[in-house]
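Quick notes on the structure that follows.
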Amino acid sequence: MTLKRPKRIITIVIIILTITGYNFIRKDFQKAESTIYFNATIITLEDGLPTAEAMLVEKGIIKAIGTSKEILSLKNSHTKAIDLKGQTIMPGFIDSHTHVALSAFLENMVDLSGFKHKTSKEVWDYLKAQALTKKPGEWIVGKGIDPVLVEDLVSPNLVFLDSLVPNNPLVLISQSLHTYWVNSKTLKKVGIDNFTKNPSESSFYEKDSLGNLTGLIAEQKAFLPILAVLQKDVITPKSLMNATTKVLKAYAKNGNTTIVSAGITINDAKPLRLYEFLATENPKFINQLLAAVGILPKRVPYPRHFIYIRQDKDFLLPKKPIDNDFYSILGVKFWYDGSPYTGSMYLNVPYLNTDFNKNSLRIPINSRGKALIKKDDLKNLFINYTKEGWQIAVHAQGDVANQDVIDAFAEANNEVDVTKFRNRLEHCVLLPESSFDKIEALNIVPNFHVNHLYYYGKALDDKIIGTERANIILPVGEAQKRHLKYALHADQPMFESKPFRLIQTAVERLTKEGDTLGFNQRISVLEGLKAMTINAAWQIHKEDKLGTLKKGKYADFVVLDKNPLKIPTHDLENIKILKVFINGNEILN
Ligand SMILES: [Zn+2]
């Protein structure tokens, strides 16, 4: 008896400690209580009830929506009521094509972009000043090199970069992310010399007429050895994790309640585990344990996150698609061509033979770009992934690229039914109007990279592809006319994910210099709002749960300082996102 008792007490104490510890670790962020938002202008984007004044939100779901009087009558002692004093509410934006991993990767780099600097002198002076703040030997990594937005910027060569940054390994990344520059210190450190083999014809270490490296590296494959060293020395897993939470918060602050990573290019599943942990509704115990001891970050409300895996990383795909409303892997992403600003957009008629193309963009004379995958291989891969149940998204900018991809889908469709997947065509810069019949028949959905028009429209017109083609870029109006569920995207980090900038461009069709391109392709503001909400939800097969404000859907919404449907279109991009709610929870400021 006397021996048994203390034993029992110890057992009970252990059980109590275990339960307390378990509950402590299981503790998640505070969820919003039952709330009525009233006295608002609610743009529901539902055709049946286009506007409302109030809604009741419970456990992340819209329980009722209607007039303030109707909804306030549902109030009980547990309901909070928030008077929005006439502010505008609309569904949260869905960024249907972005790159979280890349954005996090670039987050802490020296910003040399045309959004920050106007002249090449400004760019290089800034880089030089930044280099002086570093210890000799410390890495310097710069992003945003852009000879289009910074008009007098010419591609730097090795001698120039060595003179600018003599004591540190230097890596510069272009705004389009297709071109890289390094100095001699970096070449030596990574072990690249005049005899290093080029990975392919389109991805190479550029050499001058004497066979010496110029410091320019074209396309991702040739950059991989440098990337590997960067990941060991400077862009470490810990720094990337911190950058990821920063980047996710920034998406939300810009009004995005859902984001879609269009082509993850990572080598192992660890970042996916982080994304899942930050987005999911029900975190795994092991991950909460890791967060409790500081290995994973603390959870706060973050956007929903859906993912396409880049085709050559398809070992990251689960065995089969898993349906989830907060986080899931949706399918596979292909790159069929490259960027208009590197000569890798695949065209029917060559780029213009201008000095700008030749000297600043380094596009060879008579170049038409080319496909990164054989069309036949593409078709076969489409068939395989379709059989496995995956949705497919394909990067296609040039007219030939778009046509080839659509044809490959058509050929695949002879063997397997591709139509139910809502497969996606990404960017669609020169999507030919003649291909829309096929797009419709195959239930392919275009996703337009519409900021090309605003930021680069003038350069495309004057110097890169010429007026005739610049006037038919991004046929958003044609997609609207056919009632396709097209979306708009910023392709962050190429452009910051700002929904109203995209909508304004699609509505006005104005370049930043004020010229009109493709006047007939304009859409209305309402259509623009739908493109970035309900259409984008449809593209990811979530239109029943996201994208409009309706009873039974998730309470993902934004509060705006102005009603986008009631202001002049040139003010759209100045609308302020005052508050952002995801699953009923307000994103912390
Ligand atoms: Zn992209």
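The values are calculated or read from the model by the stated rules, or taken from the named source; none is laboratory data. These figures come from a predicted structure and were not determined experimentally. Because the Cβ atoms are built from the backbone with ideal geometry, glycine has one as well, and the counts that use them run over all protein chains shown.
Filter region 420-436 for residues that are within 22 Å of residue 387 (Cβ to Cβ), of a type in the set (A, V, I, L, M) and away from the ligand (no atom under 16 Å from the Cβ) and give the result.
The answer is none; no residue qualifies.
Condition check: hydroxyl-bearing (Ser, Thr, Tyr) and away from the ligand (no atom under 16 Å from the Cβ). Does residue 96 satisfy that? Full working, then the answer.
Values: hydroxyl-bearing (Ser, Thr, Tyr): yes; away from the ligand (no atom under 16 Å from the Cβ): no.
No.
State whether the residues of region 337-349 include one that is part of a loop (DSSP other than H, G, I, E, B) and either surrounded by fewer than 19 Cβ atoms within 10 Å (Cβ to Cβ) or not assigned by TED's automatic domain parsing to the domain that holds residue 461 (or both).
Checked against the condition, which is being part of a loop (DSSP other than H, G, I, E, B) and either surrounded by fewer than 19 Cβ atoms within 10 Å (Cβ to Cβ) or not assigned by TED's automatic domain parsing to the domain that holds residue 461 (or both), region 337-349 yields at least one hit.
Table: residues versus (1) assigned to a helix (DSSP H, G or I); (2) touching a helix residue (DSSP H, G or I) at 6+ places or on another chain (Cβ under 7 Å); (3) crowded, with 22+ Cβ neighbours inside 10 Å; (4) not assigned by TED's automatic domain parsing to the domain that holds residue 394.
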| residue | (1), (2), (3), (4) |
| --- | --- |
| 222 | yes, no, yes, yes |
| 229 | yes, yes, no, yes |
| 262 | no, no, yes, no |
| 277 | yes, yes, no, no |
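Among the residues of region 219-263, what is the count of those that are closer than 23 Å to residue 583 by Cβ and of a type in the set (Val, Ile, Thr)?
7
Against the definition (more than 16 Å from the ligand (Cβ to nearest atom), touching a residue at least 60 places away in the same chain (Cβ under 8 Å) and outside any loop (DSSP other than H, G, I, E, B)), how does residue 101 come out, yes or no?
In short, no.
Residue 324: surrounded by fewer than 19 Cβ atoms within 10 Å (Cβ to Cβ), in a loop (DSSP other than H, G, I, E, B), at pLDDT 95 or above and assigned by TED's automatic domain parsing to the domain that holds residue 406, yes or no?
It is true that residue 324 is surrounded by fewer than 19 Cβ atoms within 10 Å (Cβ to Cβ), in a loop (DSSP other than H, G, I, E, B), at pLDDT 95 or above and assigned by TED's automatic domain parsing to the domain that holds residue 406.
How many of the residues making up region 539-589 are touching a helix residue (DSSP H, G or I) at 6+ places or on another chain (Cβ under 8 Å), closer than 25 Å to residue 484 by Cα and part of a helix (DSSP H, G or I)?
Qualifying residue count for the region: 3.
Which one of these is free of Cβ contacts under 8 Å to residues at least 12 places away in the same chain and either more than 16 Å from the ligand (Cβ to nearest atom) or within 19 Å of residue 335 (Cα to Cα) (or both): 505, 511, 467? Before you say what the answer is, go through the steps one by one.
Working: 505 fails: free of Cβ contacts under 8 Å to residues at least 12 places away in the same chain; 511 fails: free of Cβ contacts under 8 Å to residues at least 12 places away in the same chain.
Answer to the selection: 467.
Looking at 73, 103, 34 in this structure, which one is at pLDDT 90 or above and within 28 Å of the chain's Cα centre (by Cα)?
None of the others qualify; the one that does is 103.
Take residue 165 and tell me if it is farther than 21 Å from residue 395 by Cβ, touching a His at 6+ places or on another chain (Cβ under 7 Å) and not charged (D, E, K, R).
Working: farther than 21 Å from residue 395 by Cβ: yes; touching a His at 6+ places or on another chain (Cβ under 7 Å): no; not charged (D, E, K, R): yes.
Against the criterion (farther than 21 Å from residue 395 by Cβ, touching a His at 6+ places or on another chain (Cβ under 7 Å) and not charged (D, E, K, R)), residue 165 does not qualify.
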